[in-house]
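See structure below.
Since every read-out is calculated from the coordinates, none of them should be taken as a lab result. On a predicted model such as this, the values are computed, not experimentally measured, just so you know. A quick note on method: Cβ atoms are made from the backbone with ideal geometry, for glycine too, and the neighbour counts reach across all protein chains shown.
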Amino acid sequence: MSSSTPYLEPSFSDDESDNIIFLENNSDYNDGDTIRMKKFSDSPIFESLKDSIAAQLFEINGQISTLQQFSQSLQKSLDDNKVRTKIVENVIKKANLNIHKIGELVKACNEDVTKIDSLEVTTLNKLQLISREKLLRDFKSSLQEFQSIQSNYTKLIKQINEKTKLQLYGNLHSDANETALLQEQEEHTQPQIHEQQLLPKQKNRIVIEREPINNEEFTYQQNLIEQRNREITNIEQDITELNEIFKDLSNVVQQQGLMVDNIESNIYSFSDNTQMASQQLNKARKYQRHGTKWCLYLLIALSIMLVFLLLIVFI
């Protein structure tokens, strides 16, 4: 049998023929021979993995949306120059927990994606193959979005740390300059009553306006900066790991896409061939009906001629 000729079994019913996939001229499948895959209505492993991946993707996308809101809140605090507030501290803590949770979900989802990708093509019908390819694409899209938001988040935290440092050390230098200035003023001030009364007022006014950071607050903010830097390092390591997952997933999606495209192409080709065969069959039936009609006419004519001959003979 030629490899370019579809293999058809005349015993299939109409319902069964809808569940057959023909793969023609594909070097990846049995050296170009046509493969017929029957639809399996019961695929518990596939259905279980599909439901699990869909549920995890729903959770991942929800957590990504929450992380986006955290980032927007931090960006507003940065723009308003309010980086040393408790609100910022709490939002960063929640965002870090959120990132960790998304990372765990991504790893768990990737395990299921690996399992569903390992299922043999011959155990899945055409709808399941297309559904699997869509799940892989959705997972890739979610992972790509998470990577982007995660990268922007780390940049945002670095900016917050830099601004916090500027505020801390800026105030520290301002306090030192003010102290030196006041000491210089005290050394050169004449012992006049008016000047002695004015200087304390200046001291109090300067202190109230500057509101310098005490040592406890300074140490606390420094520790926060160090802690955030460590968290950024951990996040960047996770980003590297996610990049590997994304790279592998991209290859899988490409392979699945080519497979689905090939299946759809052959399905359409089979459909076209079936339609052409149906047209040819209709033509043959039409010719057969015309041929039968002419045979009937000829038979009637011969019968009439025979009757006339008999009449002539006996008369």
So, counting K/R as plus one and D/E as minus one, what does the shell of residues with Cβ under 14 Å around T85 add up to? +2
Which loop-located GluC sites (Glu not before Pro) does region 73-177 contain, where loop means any DSSP state but H, G, I, E or B and the Cβ has at most 13 other Cβ atoms within 10 Å? E120
Around Q237, what is the net charge, scoring Lys/Arg as +1 and Asp/Glu as -1 over all other residues with Cβ under 12 Å from its Cβ? -4
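May I ask you to derive the FRET efficiency for I130 and N81 from their Cβ-Cβ distance with R0 = 45 Å, giving the value to the nearest 0.05?
Working: r = 52 Å, r/R0 = 1.16.
That gives a FRET efficiency of 0.30.
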Which entries of K50/K126; K107/K163; K94/K115; K93/K140; K101/K126 have Cα-Cα distances beyond 23 Å here? K107/K163; K94/K115; K93/K140; K101/K126
Mind giving me the FRET efficiency for L310 and R289? R0 is 22 Å, r the Cβ-Cβ distance, nearest 0.05 is fine. 0.10
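If I take R0 = 30 Å and measure r between the Cβ atoms of S73 and E216 in this structure, what FRET efficiency does the formula 1/(1 + (r/R0)^6) give, to the nearest 0.05?
So, using R0 = 30 Å, E works out to roughly 0.65.
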